[in-house]
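Only one structure is covered here, and it is reproduced in the block below.
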Amino acid sequence: MSIDKAQRQRREIKYIISEDVALAVRSYLSSYLEPDEFAVGKPDNSYQVHTLYLDSNQLVTYHAANTGERNRFKLRIRYYDDDPFSPVAFEIKRRINEGVVKQRARVKRAAVRALLAGESPVPEFLHSNKPQEWNDLQDFWLLVERLQAAPRAHNAYLREAYLNAPDATVRVTLDRAVRMAPEFTWDLGTEMSEGVEVFSGVVILELKFTERMPTWLIEMVRGFELKSSGAAKYVQGVELLGEHKVARRITGFEWGNAVVSTATSAPWLDAAAAVRGALGPNRS
């Protein structure tokens, strides 16, 4: 399965809504958007999304989001199935003031174990040879190295998704059945045990756009009397599980034995300094 057409820079606004409102929103959207490439032909235009979150021993990225730091980032690996031949997406999702910048590199699944054991990336790890994705993969690995981040949690949910083809400058998603469980390996499985339901009984509506919010989208928000709300899946999941349950127990990293490249390695930084130093302008 290919990776969705997420824009690198955009605005995101989230709403927590009831199922009744979600169905009304679906009907409204049908006049303006079409199902995204994953959703075409699927029941209710929905598909499963899986995310492996990486964080430091001190859960630095979790605390940065939980305290509402304006400039912060998350490290995650996104995938959609357990097919050994499907690529996975190594992502840095930065929130800078009111905007979101996403860096993404599609990586061969066979290379995940090496990268999550601390081995330096090489271009052959990429699913396709694209210079921007190579830059993004190096940035991802550098942040992981700085934080000594490791797998922490597996997040899964059912996503209903729409966009304005072909440029995808507007994207609307509705997420249901959000679950999270501790995860300390690189297996990238789709089954989940010891998990908790996150945002139980509601739907997370997210509006994503690269320019100004379209008038018809503003009218939808007003017409349904929607109120924006934070809905961070990783933060809420860790709170429900308990920080102690996602602390390092079994880690994929063996830093003393890692193969380190001088092109991407950096001196160890303390956790707070790592976050501050990593939040510079996005490299293009």
Between the stretch 25-64 and the stretch 133-170, how many Å separate their Cα centres? 11
For each pair in LYS130/LYS233; LYS14/LYS93; LYS42/LYS227, compute the distance between the two Cα atoms and list the pairs where it is over 26 Å. LYS130/LYS233; LYS42/LYS227
If you place +1 on the Cβ of every Lys and Arg, -1 on the Cβ of every Asp and Glu, and leave all else neutral, what size is the dipole of the stretch 1-115 about its Cα centre, to the nearest 20 Debye? 720
Volume per residue that the Cα convex hull of the stretch 9-271 spans, once the total is divided by residue count, Å³: 136
Output for the stretch 73-178 (equivalent-ellipsoid semi-axes, sqrt of 5λ from the C-alpha gyration tensor, Å, descending) is 24, 17, 16
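Throughout, read-outs are computed from the coordinates displayed, never taken from laboratory work. Just so you know, these numbers come straight off a predicted model, no measurement behind them. Every residue, glycine as well, gets a Cβ built from its backbone with ideal geometry; the counts of neighbours run over all protein chains shown.
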